Amino acid sequence: MIFSNILHVCLLLASAARSAPFSPAVETDYDAIVVGGGPAGLAATSGLARVRRNVLLIDSGEYRNDPTRHAHDVLGFDGVTPAWLRFAARQQVSDYGTVSLVNGTVTEIQPQNNNTFFKVLAEYPGNKSVSFTTRKVVLATGMRDILPSTTGIAENWGKGIYWCPWCDGHEHADQDLGILARLDSAVTSVREILTLNTDIILFVNGTDTPANRNITEGKFPGWEKYLTLLNVKIENRTLASINRLRDGATPYADPSLPTHPEHDLFQVEFADNQNPILRNAFFADFPSEQKSKVGENAGVQLYGNKLAADGAGGLVTNVPGIFAIGDANSDNVTNVPHAFFSGKRTAVFLHVQIERENSVAQIAAVGKRNVQNNDLQTLWRRMNEPDDVTFAGHTFDMLS
Ligand SMILES: Cc1cc2nc3c(=O)[nH]c(=O)nc-3n(C[C@H](O)[C@H](O)[C@H](O)COP(=O)(O)OP(=O)(O)OC[C@H]3O[C@@H](n4cnc5c(N)ncnc54)[C@H](O)[C@@H]3O)c2cc1C
């Protein structure tokens with residue numbers, strides 16, 4: 001009997017010794033929950049899948065570039081529809097065994113036990129409430145464009161009225177262009193678009209005032225001479241509507257080629273009902289806001305209207321364990337290549353960080369010592385050590 005008890009204890013110890021090196025610091029449903037399934041969230045999920053992290057991606061499916069005809073300047077995919085790009089990415093990512101992609105909306109993120117893990121609450125279609133635990137959270141929640149109420153802008157957004165030269169400028173090159181923006185921003189936008197268009201009118205919608213002229217002079221000294229030189233006109237009348245006269249969509253164009261001219265035609269009407277103006281396309285500058293408040297509600301600080309993320313810490317926010325990527329973060333870069341890059345960046349840091357935490361707990365377990373709060377703080381500071389695989393240079397410390 002005594003012999004059998006001793007044997008049992010020995011077997012238990014041997015089994016503990018075998019499993020200890022692999023036991024995580026905290027047991028949770030997932031290593032990471034990614035909130036948002038646009039290009040940023042999909043890239044983070046891919047990076048985590050490649051190292052067999054157990055990941056859940058929850059996506060409410062309202063993508064920023066949904067209205068546009070084609071996604072451009074995405075190497076290897078230049079000119080595909082945004083939906084095709086996401087489909088191809090989802091298909092590839094879901095081939096990895098440790099990943100789940102679901103439709104739903106994350107409603108709350110609750111940090112637990114000094115941020116060692118999080119509880120994530122979500123609504124699935126059909127009013128089904130769910131909750132999961134996770135070691136880390138990746139916010140890939142994107143931005144929402146705040147479009148003016150002028151008739152015709154929201155209706156034609158992404159289809160002849162576009163927001164960035166790299167996205168859709170080439171398709172409207174050498175056409176008669178309008179710029180829709182406040183005076184100061186319209187003037188600086190001219191410099192961005194000149195290699196594509198030279199017949200340009202600025203539709204500044206009543207913002208050509210003495211005060212705004214001063215602001216513009218501060219931003220761009222000599223701007224009036226510059227506009228005269230380029231023969232760019234300012235139209236200050238209040239906009240009433242932008243009406244489509246022709247659709248420039250190219251559904252029958254060769255899909256193997258990245259770009260085809262899009263010959264849209266619009267008529268701009270003004271509040272005074274006089275002299276409408278024809279334009280083929282518009283380059284616009286409108287404000288935007290966070291698509292979701294879940295990050296902010298969990299304590300993530302904003303930098304301007306973006307989720308403040310530390311580039312040297314894998315885009316971690318001020319809340320250790322919560323990362324922010326893609327359009328929503330404070331890199332202030334809003335395009336698909338950045339969404340991919342930032343997702344990958346966080347995936348690498350997050351993966352290494354989890355294993356750092358595991359190693360501290362595993363070593364402590366062998367020495368029978370509890371992991372203290374300050375051990376965890378030190379660990380988060382170590383995310384950017386010079387000899388580490390994740391070292392990204394020295395920047396500001398968001399955790400102090
Ligand atoms: C009209 C237009 C055209 C564009 N064209 C181009 C282009 O040609 N090339 C280019 O490089 N860039 C283009 N862009 C920019 C590009 O769309 C963005 O940079 C890119 O979509 C950012 O990806 P993201 O994953 O950060 O955000 P998004 O693609 O916006 O994805 C965010 C996702 O998170 C989801 N979400 C938000 N909150 C929650 C929540 N609480 N729970 C679950 N899910 C949530 C949203 O529903 C959405 O599905 C364009 C933008 C616009 C507006």
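What the table below lists for this structure:
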| item | result |
| --- | --- |
| Out of Val268, Val294, sole residue that is surrounded by 14 or more Cβ atoms within 10 Å (Cβ to Cβ), more than 13 Å from the ligand (Cβ to nearest atom) and among the hydrophobic types (A, V, I, L, M, F, W, C) | Val268 |
| Per-region count, segment 240-291, residues without any contact (Cβ under 8 Å) to a residue 60 or more places away in the chain and of a type in the set (Lys, Arg) | 1 |
| Arg50 more than 16 Å from the ligand (Cβ to nearest atom) and basic (Lys, Arg) | yes |
| Odd one out for Lys219 among (1) on the phi < 0 side of the Ramachandran plot; (2) buried (at least 20 other Cβ atoms within 10 Å of the Cβ) | (2) |
| Tally, over segment 271-295, of residues that are over 29 Å from Ala40 (Cβ atoms) and touching an Asp or Glu at 6+ places or on another chain (Cβ under 8 Å) | 5 |
| Test set (1) near the ligand (Cβ under 10 Å from one of its atoms); (2) touching an Asp or Glu at 6+ places or on another chain (Cβ under 8 Å) - Leu180 fails condition number | (1) |
| Residue that is in the same structural domain as Thr198 (by the TED database) and either within 16 Å of the ligand (Cβ to nearest atom) or surrounded by 13 or more Cβ atoms within 10 Å (Cβ to Cβ) (or both), where the choices are Leu239, Leu307, Leu302 | Leu239 |
| Residue within segment 33-46 that is outside any loop (DSSP other than H, G, I, E, B), at pLDDT 95 or above and farther than 17 Å from Ala89 by Cα present | yes |
| Number of positions in segment 159-186 that are within 27 Å of the chain's Cα centre (by Cα) and part of a helix (DSSP H, G or I) | 11 |
| Among the candidates Asn374, Asn370, Asn332, residue that is within 12 Å of the ligand (Cβ to nearest atom), surrounded by fewer than 19 Cβ atoms within 10 Å (Cβ to Cβ) and either at positive phi or modelled with pLDDT under 85 (or both) | Asn332 |
| Selection within segment 112-152 - away from the ligand (no atom under 13 Å from the Cβ), outside any strand (DSSP E or B) and of a type in the set (Gly, Ala, Ser) | Gly126, Ser149, Gly152 |
| Test: residue in segment 260-281 that is more than 20 Å from Pro165 (Cβ to Cβ) and within 30 Å of the chain's Cα centre (by Cα) | no |
| Candidates Asn305, Asn297 - the one that is farther than 27 Å from Leu202 by Cα, under 19 Å from the mean Cα position of the chain (by Cα) and in contact (Cβ under 8 Å) with a residue 12 or more places away in the chain | Asn297 |
| Hits in segment 335-359 - residues which are among the aliphatic types (A, V, I, L, M), more than 27 Å from Trp163 (Cα to Cα) and within 20 Å of the chain's Cα centre (by Cα) | Ala347, Val348, Leu350 |
| Residues located in segment 51-77, provided they are β-branched (Val, Ile, Thr) and assigned to a loop (DSSP other than H, G, I, E, B) | Val51, Thr68, Val74 |
| Helices (runs of 4 or more DSSP H) enclosed by segment 264-382 - at least 2 residues per element that are farther than 30 Å from Gly36 by Cα and in contact with a helix residue (DSSP H, G or I) (Cβ under 8 Å, 6 or more places away or on another chain) | 336-366 |
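For (1) among the small types (Gly, Ala, Ser); (2) outside the structural domain of Asn273 (by the TED database); (3) over 20 Å from Ile277 (Cβ atoms), each residue gets a yes or a no:
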| site | (1), (2), (3) |
| --- | --- |
| Asn156 | no, yes, no |
| Glu171 | no, no, yes |
| Asp174 | no, no, no |
| Leu180 | no, no, no |
| Leu202 | no, no, no |
| Glu224 | no, no, yes |
| Leu230 | no, no, no |
| Asn243 | no, no, no |
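Conditions (1) within 22 Å of the chain's Cα centre (by Cα); (2) surrounded by 17 or more Cβ atoms within 10 Å (Cβ to Cβ), marked per residue:
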position: Phe77; (1), (2): yes, yes
position: Thr81; (1), (2): yes, no
position: Phe87; (1), (2): yes, no
position: Tyr96; (1), (2): no, no
position: Gly104; (1), (2): yes, yes
position: Thr116; (1), (2): no, yes
position: Val138; (1), (2): yes, yes
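The values are calculated or read from the model by the stated rules, or taken from the named source; none is laboratory data. As the structure is a prediction and not an experimental result, all values here were calculated from the model. FYI the Cβ positions are ideal-geometry reconstructions off the backbone, even for glycines, and counts take in every protein chain you see.
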